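Some notes on the structure that comes next.
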Amino acid sequence: MPELPEVEVIRRGLAPRVLGRRILTVVVGEKRLRQESSPEELQQWLPGRAILEIERRGKYLLFHLEGGVTLLLHLGMTGRLLLLPAASPTLPHVHLIFEIEGGLDLAFQDVRRFGQALVFPPGVEPAPLAQVGREPFSRQVTPAWLAGEARGRSRALKNFLMDGRLLAGIGNIYASEILFAARLHPATPAGHLSLADWARVLKETRRILNAAIAKGGTTVADFLNSRGETGLFQLELMVYGLGGEPCGKCGRAIARISQGGRSTFFCPRCQKGK
Ligand SMILES: [Zn+2]
């Protein structure tokens with residue numbers, strides 16, 4: 001599933017190629033995404049409007065259009081946004097095509113269709129954003145704020161980090177990598193960390209997310225950028241997907257456990273509980 005770095009890579013890839021251009025038409029496929037505005041709403045609000053800004057909030061992309069209209073996209077589990085020359089051969093599993101001025105098609109491809117494409121008229125705040133927590137790079141995110149949110153909580157540290165209502169955009173891959181870098185056991189109760197621990201978690205969170213963006217994101221299954229290219233950060237992963245392999249720091253076999261129904265990878269020697 002795309003996480004913050006992958007969505008940011010898409011944003012940075014799209015922006016220089018589509019900003020200032022109008023959406024001409026929207027082609028709606030037969031199969032809909034699980035959460036998609038009606039074809040009538042899409043046709044009412046999108047055609048003829050220029051794309052003024054593309055913003056990322058957590059794992060959401062917000063296309064701010066002329067006249068105060070917002071198009072919100074979420075890639076779900078397997079979504080891709082591919083910018084193709086107009087009238088390219090139709091790819092499988094493309095559910096929406098936004099035809100863009102200048103001979104471009106922005107195709108929303110999504111095998112599992114957990115993605116979202118919702119349009120919001122002027123003055124209507126996109127409802128899903130009410131559930132999105134603080135951005136990891138925001139100045140409002142500090143070790144003291146994290147410690148305050150975690151105080152008294154027995155919730156496992158990895159699940160705490162992945163709670164998008166607190167901290168936006170961190171999913172399964174990056175949570176495992178951050179905790180390896182911060183040398184903390186993923187099952188540690190979040191409330192047991194010291195302020196110094198939170199400072200380390202925040203520093204590693206920002207370092208790893210930035211490194212992943214610089215490498216074009218992580219492709220372990222589906223992720224492609226808007227040009228259809230894979231990321232490269234999967235080559236830098238230290239624990240995710242490496243169960244049974246030797247730890248790159250100490251040589252001990254990397255362990256895999258299940259937390260909240262998702263796989264967590266960690267080094268039992270390098271990562272300590274509290
Ligand atoms: Zn180790």
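Overview of values
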read-out: Identity of the residue in segment 180-203, open to solvent by 20 Å² or more (accessible area, probe 1.4 Å) and among the charged types (D, E, K, R), that ends up nearest to residue 259 (Cα to Cα); value: 183
read-out: Test result for residue 257, within 16 Å of the ligand (Cβ to nearest atom) and either among the aliphatic types (A, V, I, L, M) or touching a residue at least 12 places away in the same chain (Cβ under 8 Å) (or both); value: yes
read-out: Residue among 263, 226 that is hydroxyl-bearing (Ser, Thr, Tyr), more than 15 Å from the chain's Cα centre (by Cα) and more than 16 Å from the ligand (Cβ to nearest atom); value: 263
read-out: Any hit, segment 262-270, residues being in a strand (DSSP E or B), in contact with a helix residue (DSSP H, G or I) (Cβ under 9 Å, 6 or more places away or on another chain), at pLDDT 95 or above and of a type in the set (A, V, I, L, M, F, W, C); value: yes
read-out: Answer from 263, 154 - the residue that is open to solvent by less than 40 Å² (accessible area, probe 1.4 Å) and of a type in the set (Ser, Thr, Tyr); value: 263
read-out: Cross-chain or 6+ apart pairs with Cβ under 7 Å, segment 65-76 first and within 16 Å of residue 4 (Cβ to Cβ) and assigned to a strand (DSSP E or B), then open to solvent by 10 Å² or more (accessible area, probe 1.4 Å) and of a type in the set (Lys, Arg); value: 74/59
read-out: Number of the exception - residue 87 against (1) among the small types (Gly, Ala, Ser); (2) on the phi < 0 side of the Ramachandran plot; (3) surrounded by fewer than 19 Cβ atoms within 10 Å (Cβ to Cβ); value: (2)
read-out: Matching residues in segment 110-130 - criterion: being modelled with pLDDT of 95 or more and farther than 17 Å from residue 63 by Cβ; value: 130
read-out: Restricting segment 90-123 to residues that are part of a loop (DSSP other than H, G, I, E, B) and without any contact (Cβ under 8 Å) to a residue 40 or more places away in the chain, the residue that is surrounded by the fewest Cβ atoms within 10 Å (Cβ to Cβ); value: 92
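The values are calculated or read from the model by the stated rules, or taken from the named source; none is laboratory data. Everything quoted here is computed from the prediction, not taken from an experiment. Backbone-built Cβ (ideal geometry, glycine too); neighbour counts: all protein chains shown. Surface areas here come from the heavy atoms of the whole protein model, side chains and all, with no ligands, DNA or RNA. Shrake-Rupley method; radii C 1.70, N 1.55, O 1.52, S 1.80 Å.
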